[in-house]
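Presented below is the structure to which this report refers.
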Amino acid sequence: MKDIRSVGRQLAASVPGLFRVVGLFVLGSIVGACHAPGWDGYFSSGLDQLTQDKVLDRFGPPHTAKNPVLGGDSLWTYRISLGENDLDRWSLTFLTELSQSMGALIGKPNEQPKSTLYCYQYTLTFNEAHILKDWKRDECVPGTRDSLKANTLRPAQE
């Protein structure tokens, strides 16, 4: 049977390991929060490299595609929903979400409202060789996010 001192030493040796794991998790969350939405990073790093086939394999068929018969650039569009935490990576909302997730793990119900989703359209331009030449992200309905954020910050008038 182990004596109390050896148990104490084992416990003390395992505590720094726990702090390392928690520290790495927090650091990973912070680094992940500083990146642009996954689509943005994928297209930015894929300029002059990504083919239509690679984009098709990853995201499926585009919502619209304009492929000229007589040559020239092709335009593909994808429509997706992005939340606040996807769009504003410099905000600290990920800490709130992390605390809510951790609270759910220890038995506290998640009582916060769901994040608002916004419709965004990615327009991809491919050259005649079917290589990604340019891309942009726009709101499906321009100004929606700004007007919704303004309405949530403005006090109700009676």
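Just so it is clear, none of the values below were taken in a lab; they were calculated from the coordinates. Predicted model only: the values in this text are computed from it and were never measured. When we count neighbours, we look across all protein chains shown, and the Cβ atoms used for this are built from the backbone with ideal geometry, even at glycine.
Look at 141, 55, 69 and count the other Cβ atoms within 10 Å of each Cβ; fewest to most, that gives 69, 141, 55. Here the residues 122, 78, ranked from fewest to most Cβ neighbours within 10 Å of their Cβ, fall in the order 78, 122.
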